[in-house]
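S.K.: Once you've had a glance at the structure underneath, I'll fire off some questions.
The values are calculated or read from the model by the stated rules, or taken from the named source; none is laboratory data. Small disclaimer: the values here were computed from a predicted structure and weren't measured. Cβ atoms come from the backbone with ideal geometry, glycine included; neighbour counts cover every protein chain shown.
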Amino acid sequence: MPLSQFQRKITAAGFGLEETALLYDIVVSANLEDPTAFLTSYKSLDTVITTAMQKFAAAGKDKDPACQEFLGKLLDRRKRITIQKMNVRKILSSSKEIPAGQNVQVVLAGVGIFTTQVVSHSSSFSILSPIVRDLPADFKWEGRKVMLFFRKINDGEYSFNTTVVKEIEDRGTGDFVLLMHHQAPLFRAQKRNSVRTALKKQAHIYPIGDGMGRTFAEGKPCTMSDISDDGCSVVMEGKVDMPRSVIVQLMLGGQLISMGGECQRVQYNRINNISLLHIKAESIPRDTKNIILSVTFGIIREGNDPVAISGTYGDGGLRQTGESSPAEKGHEIEKPNDPPPTDTAQENQSTSPDIEQG
């Protein structure tokens, strides 16, 4: 492709003349069949970003602020392309499309919000019966009106109202199951504005006190559960009482990075004696954000640590490898730092730690 034609397409996409010249050199080095494919294809864009990183490192400019801003522009484009692809995927329109194994939150008016799981059933929408303590002995689920909400991985939050038809015992598993009528449509509350990926790495969290002259408290060990450029989730042993302001530090991309922000929600798992903390990041420096996005999109390959707290961390709950079903182990309600948007009961909710490829 002639340089003049390349320049017209790239500048029309929002890049400056110096950036366009640098991009032309990069795509030539990368030997891309279509030099402008990276504008819409994240696979080509990953190649461009990787080549740019290699060039900057070879020239000793990988720490240069201007180079970091250039990489940031490419990574932000990668993020936009990924989110666009996620948002054009099929949106769930009925409870019939919710897969078995999806974690959901059940709002029981005046009682609380409980985490449970969708199970397979031939005709009804079915979930494992939440374990609810401190209820009257004659309490029955049958006829109860409930609201259910859940988060679809890298999509958004859905909710719908339904009524419990009856509670049965699954003869195959011994679990008690709530049967409800299928519902349509589902209300989609929000779209994701970031891409989150699972990351099981050892980290330290620093609680920060309020007031002037903030200082670091002693770092407490934790395990990073997932991360994005707008926040993260970490797992800690025991029941945690964490202030709003925190900083999380870990080794990522071969560098020590820090993410400061607000601890918005703490979910305690009584059976496993672990807490899942949801942290919304505040302003993140450009070079740190570049590392996070590069790891999120697999441009920088980051292995997971063999952490002490092992297990699978699903969308909505924590479950240790080889455990019994959620119905057998029970669920805990924990007060969040922010109240739930739809009910006065306390929320027990977690963030999806996975990334869809496409």
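S.K.: Are there any pairs with C-beta distances below 9 angstrom linking a residue in the stretch 171-184 that is more than 12 Å from Val119 (Cβ to Cβ) to a residue that is surrounded by 17 or more Cβ atoms within 10 Å (Cβ to Cβ) and aromatic (Phe, Trp, Tyr), with the two at least 6 apart or on different chains, and if so which?
M.R.: What qualifies is His181/Phe125; His182/Phe125; Gln183/Phe125; Gln183/Phe160; Ala184/Phe160.
S.K.: Within the bounds of the stretch 149-161, is there any residue that is in contact (Cβ under 8 Å) with a residue 24 or more places away in the chain and over 30 Å from Lys79 (Cα atoms)? Spell out the reasoning first.
M.R.: Narrowing the stretch 149-161 to residues in contact (Cβ under 8 Å) with a residue 24 or more places away in the chain: 149-160.
Filter once more, so that each one left must be over 30 Å from Lys79 (Cα atoms): none.
Within the stretch 149-161, not a single residue is in contact (Cβ under 8 Å) with a residue 24 or more places away in the chain and over 30 Å from Lys79 (Cα atoms).
S.K.: How many residues does the stretch 257-310 hold that are in contact with a helix residue (DSSP H, G or I) (Cβ under 6 Å, 6 or more places away or on another chain), basic (Lys, Arg) and at pLDDT below 90?
M.R.: Residues in the stretch 257-310 being in contact with a helix residue (DSSP H, G or I) (Cβ under 6 Å, 6 or more places away or on another chain), basic (Lys, Arg) and at pLDDT below 90: 0 in total.
S.K.: Does Val48 satisfy the criteria of being assigned by TED's automatic domain parsing to the domain that holds Arg80, free of Cβ contacts under 8 Å to residues at least 12 places away in the same chain and of a type in the set (Val, Ile, Thr)?
M.R.: Values: assigned by TED's automatic domain parsing to the domain that holds Arg80: yes; free of Cβ contacts under 8 Å to residues at least 12 places away in the same chain: no; of a type in the set (Val, Ile, Thr): yes.
When the stated conditions are applied, Val48 does not pass them.
S.K.: Same structure, new question: Here is a list: Glu19, Glu33. Which entry is of a type in the set (D, E, K, R) and in contact (Cβ under 8 Å) with a residue 24 or more places away in the chain? Spell out how you get there, then give the answer.
M.R.: Numbers: Glu33 fails: in contact (Cβ under 8 Å) with a residue 24 or more places away in the chain.
Selected residue: Glu19, the only one of Glu19, Glu33 that is of a type in the set (D, E, K, R) and in contact (Cβ under 8 Å) with a residue 24 or more places away in the chain.
S.K.: Considering only the stretch 243-286, how many residues are more than 19 Å from Ser228 (Cβ to Cβ) and charged (D, E, K, R)?
M.R.: Matching residues across the stretch 243-286 total 2.
S.K.: Then there is this: Restricting to the stretch 159-190, and then to whatever is within 15 Å of Pro130 (Cβ to Cβ) and in contact with a helix residue (DSSP H, G or I) (Cβ under 7 Å, 6 or more places away or on another chain), can you tell me which residue is modelled with the highest pLDDT?
M.R.: Going through the qualifying residues, I end up with Phe176.
S.K.: Against the condition without any contact (Cβ under 8 Å) to a residue 40 or more places away in the chain and either small (Gly, Ala, Ser) or not assigned by TED's automatic domain parsing to the domain that holds Pro285 (or both), how does Phe125 come out, does it pass?
M.R.: Numbers: without any contact (Cβ under 8 Å) to a residue 40 or more places away in the chain: no; either small (Gly, Ala, Ser) or not assigned by TED's automatic domain parsing to the domain that holds Pro285 (or both): yes.
No: the conditions fail for Phe125.
S.K.: Related question: Let me confirm something: among Ala58, Ala37, Ala12, Ala30, which residue is of a type in the set (Gly, Ala, Ser) and farther than 25 Å from Arg301 by Cα?
M.R.: Numbers: Ala58 fails: farther than 25 Å from Arg301 by Cα; Ala37 fails: farther than 25 Å from Arg301 by Cα; Ala30 fails: farther than 25 Å from Arg301 by Cα.
Exactly one residue qualifies, and that residue is Ala12.
S.K.: Can you confirm whether the stretch 73-95 contains a residue that is at positive phi and surrounded by 20 or more Cβ atoms within 10 Å (Cβ to Cβ)? Please lay out each step first, then the result.
M.R.: Step one: filter the stretch 73-95 for residues at positive phi, giving none.
No, the conditions are met nowhere in the stretch 73-95.
S.K.: Shifting gears a bit: Determine, yes or no, whether Asp210 is over 20 Å from the mean Cα position of the chain (by Cα), crowded, with 16+ Cβ neighbours inside 10 Å and at pLDDT below 85.
M.R.: Details: over 20 Å from the mean Cα position of the chain (by Cα): yes; crowded, with 16+ Cβ neighbours inside 10 Å: no; at pLDDT below 85: yes.
So Asp210 fails the test.
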